[in-house]
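*Asks:* Here it is, the structure, as structure tokens.
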Amino acid sequence: MSEKFECIVVGAGPAGIACAYELAKAGVKVLLLERGEYPGSKNVMGGVLYRQMMEDVIPEFYKEAPLERPIVEQRFMMMDKESALTFGYKGMEWGQEPYNNFTVLRAKFDQWFAQKAVDQGALLVNETVVLECIVEDGHVVGVRTDRPDGDLYADVVILADGVNSLLAKSLGFHREFRPDEVALATMEIIKLDRKIIEDRFNLEQDQGCTIELFGDATKGILGTGFLYTNKDTLSIGVGTLLSGLIKHKIKPYELLEYVKHHPMIRPYLQGGEPQEYLAHLIPEGGYYSMPKVVGDGVLVVGDAAQLVNAIHREGSNMAMTSGRLAAETVVKAKEEGDYSERVLDHYRKRLMDSFVGQDLKKYKDATHHFDRFPQYFDQYIPMMNRAASQMFTVDGSSKKEKQRKIWNEIGPVKEKLKIARDLYRAWKVMK
Ligand SMILES: Cc1cc2nc3c(=O)[nH]c(=O)nc-3n(C[C@H](O)[C@H](O)[C@H](O)COP(=O)(O)OP(=O)(O)OC[C@H]3O[C@@H](n4cnc5c(N)ncnc54)[C@H](O)[C@@H]3O)c2cc1C
């Protein structure tokens, strides 16, 4: 195929689609390549889509996009084996325009989003695997695909091929990621009657709730679980760093089964029918794991650039923002007629100045800290649960007596000082 494009985007996830949409809207001749049967067929997400970053691409998308439920409540469960300390926030302002975020099913949402890019003029080609970038004199000039007439040329190539981008790696933009930089998440979508979901989660019609699970949800390994409400399904999942799974010799699906049968979770799922099982990697290395994101004729966006805020389970929003910023940079490069790294570096600067770069920087030491000191998850959460149980059990002893007992059970002064030091350290890496 000798046709030349102005831009080729590899990967039709939120990063690639947002990028192709913006480029097509600006009149750039753009080709969007996806290895899956259709956009969304290979993509996995717990399901929280952030309204603001999506609206930065398509204003008022929520009036027509296939969304599940607007989230009005976010709960957090600190779980022990047979208990959970729960807190959260519910706000009715989130149930109406302009909304905060929504649950989505990616197989539906990505298809719709990609069609919007096509409507703008992007050319989408599915079932096409990009095998490598074509490089001439150190400048990326196109991609080699698995199709018979597979070489395609462009002024600039956007790598939006997701976590563990083999294409960015082959350009020498990143090394092999370590097991403590990548999480493996497994999830199930469970069919359940709409009305039962609303009753169980204390929701008005069509409203949604998210529950993030910590502690025993991952058997105390650094990671989280989640339980999200969709229209007539629930998304339940659990993810931990690969290093944690290796160290504890636990298989990911065993962890998912464990959390599904946990006494704090089981009642929510009762009577539900598993509909789909999914597994995917999540880049969780954060700031220090970010690869080089710009080269001559090439930009890297989304998960391929490791843009995930694991502390706040944000990834799709960072993907879309990076895709949009990359598109704006390509438009600038087109105006200047120069696709060199010097001009394209504008993308990196804008990315690092945006909430994406700032949030990654803010939490740059968090994952590694909690990975190094597992006591937060396997000791302190059970300790908090025991304290809550004692404090809230009415057994005739005075509250002062209870406080004293809880205090003594923490252990000797040395142990208390260690906890105080850990709390200070946690505050430092999160502040
Ligand atoms: C279990 C789980 C729960 C999550 N929960 C949330 C959440 O609640 N909220 C949130 O914001 N984020 C969440 N995330 C993270 C979020 O899913 C990602 O950050 C987001 O999907 C990244 O988008 P992307 O476009 O960069 O990559 P992807 O969505 O991974 O898209 C990459 C695309 O590239 C295609 N591709 C790859 N290689 C090639 C190739 N060589 N040729 C052609 N095509 C290729 C793939 O098929 C895929 O379609 C979660 C992730 C997981 C795994």
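*Asks:* Would a scan of region 366-374 turn up a residue that is in contact with a Phe, Trp or Tyr (Cβ under 9 Å, 6 or more places away or on another chain), of a type in the set (Phe, Trp, Tyr) and farther than 24 Å from residue 295 by Cβ?
*Replies:* Yes, region 366-374 contains at least one residue that is in contact with a Phe, Trp or Tyr (Cβ under 9 Å, 6 or more places away or on another chain), of a type in the set (Phe, Trp, Tyr) and farther than 24 Å from residue 295 by Cβ.
*Asks:* Go through (1) in contact (Cβ under 8 Å) with a residue 40 or more places away in the chain; (2) within 16 Å of the ligand (Cβ to nearest atom) one by one and return the number of the condition residue 83 breaks.
*Replies:* (2)
*Asks:* Which one of these does residue 17 not meet: (1) among the hydrophobic types (A, V, I, L, M, F, W, C); (2) within 16 Å of the ligand (Cβ to nearest atom); (3) surrounded by fewer than 24 Cβ atoms within 10 Å (Cβ to Cβ); (4) at pLDDT 95 or above?
*Replies:* (3)
*Asks:* If you take the residues in region 317-332 that are of a type in the set (A, V, I, L, M) and over 17 Å from the mean Cα position of the chain (by Cα), which one is farthest from the ligand (Cβ to nearest atom)?
*Replies:* Result: 331.
*Asks:* Further question: Do we find that residue 219 is outside the structural domain of residue 108 (by TED's automatic domain parsing) and free of Cβ contacts under 8 Å to residues at least 12 places away in the same chain in this structure? Walk me through how you get there before you give the answer.
*Replies:* Details: outside the structural domain of residue 108 (by TED's automatic domain parsing): yes; free of Cβ contacts under 8 Å to residues at least 12 places away in the same chain: no.
Against the criterion (outside the structural domain of residue 108 (by TED's automatic domain parsing) and free of Cβ contacts under 8 Å to residues at least 12 places away in the same chain), residue 219 does not qualify.
*Asks:* I need every pair where a residue in region 27-46 that is within 23 Å of residue 282 (Cβ to Cβ) has its Cβ under 9 Å from the Cβ of a residue that is at pLDDT below 95 and near the ligand (Cβ under 6 Å from one of its atoms), sequence separation at least 6 or different chains.
*Replies:* Between residues of region 27-46 that are within 23 Å of residue 282 (Cβ to Cβ) and residues that are at pLDDT below 95 and near the ligand (Cβ under 6 Å from one of its atoms), the close pairs are 34/42; 35/42; 36/42; 36/43; 46/313.
*Asks:* Okay, next question. Against the definition (within 24 Å of residue 141 (Cβ to Cβ) and at pLDDT 95 or above), how does residue 351 come out, yes or no? Before the answer, list the steps.
*Replies:* Details: within 24 Å of residue 141 (Cβ to Cβ): yes; at pLDDT 95 or above: yes.
Spelling it out, residue 351 is indeed within 24 Å of residue 141 (Cβ to Cβ) and at pLDDT 95 or above.
*Asks:* Which residue is surrounded by the most Cβ atoms within 10 Å (Cβ to Cβ), if the candidates are limited to region 163-205 and must be touching a residue at least 60 places away in the same chain (Cβ under 8 Å) and hydroxyl-bearing (Ser, Thr, Tyr)?
*Replies:* So the residue we want is 165.
*Asks:* Report, by residue number, each residue of region 139-162 that is touching a residue at least 12 places away in the same chain (Cβ under 8 Å), assigned to a loop (DSSP other than H, G, I, E, B) and surrounded by fewer than 21 Cβ atoms within 10 Å (Cβ to Cβ).
*Replies:* Passing the criteria: 146, 147, 149, 150.
*Asks:* Could you list all residues from region 294-316 that are within 7 Å of the ligand (Cβ to nearest atom), surrounded by 24 or more Cβ atoms within 10 Å (Cβ to Cβ) and not hydrophobic (A, V, I, L, M, F, W, C)?
*Replies:* Scanning region 294-316 gives 302, 303, 315, 316.
*Asks:* Report whether or not residue 239 is small (Gly, Ala, Ser) and either assigned to a loop (DSSP other than H, G, I, E, B) or closer than 17 Å to residue 165 by Cα (or both).
*Replies:* Spelling it out, it is not the case that residue 239 is small (Gly, Ala, Ser) and either assigned to a loop (DSSP other than H, G, I, E, B) or closer than 17 Å to residue 165 by Cα (or both).
*Asks:* Looking at (1) among the hydrophobic types (A, V, I, L, M, F, W, C); (2) under 22 Å from residue 286 (Cβ atoms); (3) at pLDDT 95 or above, find the lone condition where residue 333 falls short.
*Replies:* With respect to (1) among the hydrophobic types (A, V, I, L, M, F, W, C); (2) under 22 Å from residue 286 (Cβ atoms); (3) at pLDDT 95 or above, residue 333 is out only on (2).
*Asks:* A follow-up question, please. Pairs please, first residue from region 90-110 and over 26 Å from residue 187 (Cα atoms), second anywhere and part of a helix (DSSP H, G or I) and near the ligand (Cβ under 10 Å from one of its atoms), Cβ atoms under 7 Å, 6+ apart in sequence or on different chains.
*Replies:* Pairs that qualify, where the first residue is over 26 Å from residue 187 (Cα atoms) and the partner is part of a helix (DSSP H, G or I) and near the ligand (Cβ under 10 Å from one of its atoms): there are none.
*Asks:* Still on this structure, I have one more. What is the residue count in region 335-369 for residues that are among the charged types (D, E, K, R), out of contact with any Leu (no Cβ under 9 Å at 6 or more places or on another chain) and crowded, with 16+ Cβ neighbours inside 10 Å?
*Replies:* Within region 335-369, residues that are among the charged types (D, E, K, R), out of contact with any Leu (no Cβ under 9 Å at 6 or more places or on another chain) and crowded, with 16+ Cβ neighbours inside 10 Å number 5.
*Asks:* Among the numbered criteria (1) under 30 Å from residue 144 (Cα atoms); (2) surrounded by fewer than 23 Cβ atoms within 10 Å (Cβ to Cβ); (3) not hydrophobic (A, V, I, L, M, F, W, C), which one does residue 22 miss?
*Replies:* With (1) under 30 Å from residue 144 (Cα atoms); (2) surrounded by fewer than 23 Cβ atoms within 10 Å (Cβ to Cβ); (3) not hydrophobic (A, V, I, L, M, F, W, C) applied to residue 22, the lone miss is (2).
*Asks:* A further question follows. Right, residue 275: surrounded by fewer than 17 Cβ atoms within 10 Å (Cβ to Cβ) and within 12 Å of residue 189 (Cα to Cα) or not?
*Replies:* Working: surrounded by fewer than 17 Cβ atoms within 10 Å (Cβ to Cβ): yes; within 12 Å of residue 189 (Cα to Cα): yes.
Answer is yes for this residue.
*Asks:* Tell me yes or no: at least one residue of region 48-63 is touching a residue at least 40 places away in the same chain (Cβ under 8 Å), under 26 Å from residue 278 (Cα atoms) and away from the ligand (no atom under 15 Å from the Cβ).
*Replies:* There is at least one residue in region 48-63 that is touching a residue at least 40 places away in the same chain (Cβ under 8 Å), under 26 Å from residue 278 (Cα atoms) and away from the ligand (no atom under 15 Å from the Cβ).
*Asks:* Applying the selection to region 118-138, what residues are away from the ligand (no atom under 14 Å from the Cβ), surrounded by fewer than 16 Cβ atoms within 10 Å (Cβ to Cβ) and in a strand (DSSP E or B)?
*Replies:* If the condition is that a residue be away from the ligand (no atom under 14 Å from the Cβ), surrounded by fewer than 16 Cβ atoms within 10 Å (Cβ to Cβ) and in a strand (DSSP E or B), then 136 is the only one that fits.
*Asks:* So which pairs qualify, if the first residue must be in region 241-268 and in contact (Cβ under 8 Å) with a residue 24 or more places away in the chain, the second must be hydrophobic (A, V, I, L, M, F, W, C) and assigned to a helix (DSSP H, G or I), the Cβ gap must be under 7 Å, and the two must be at least 6 apart or on different chains?
*Replies:* Listed by first residue and then by second, the contacts come to 252/245; 259/217; 260/269; 262/217; 265/259.
*Asks:* Could you list all residues from region 330-354 that are farther than 15 Å from residue 156 by Cα and assigned to a loop (DSSP other than H, G, I, E, B)?
*Replies:* Result: 354, single match.
The values are calculated or read from the model by the stated rules, or taken from the named source; none is laboratory data. These numbers come from a predicted model, not from an experiment. Don't worry about glycine lacking a Cβ; one is built from the backbone with ideal geometry, like all the others, and counts go over all protein chains shown.
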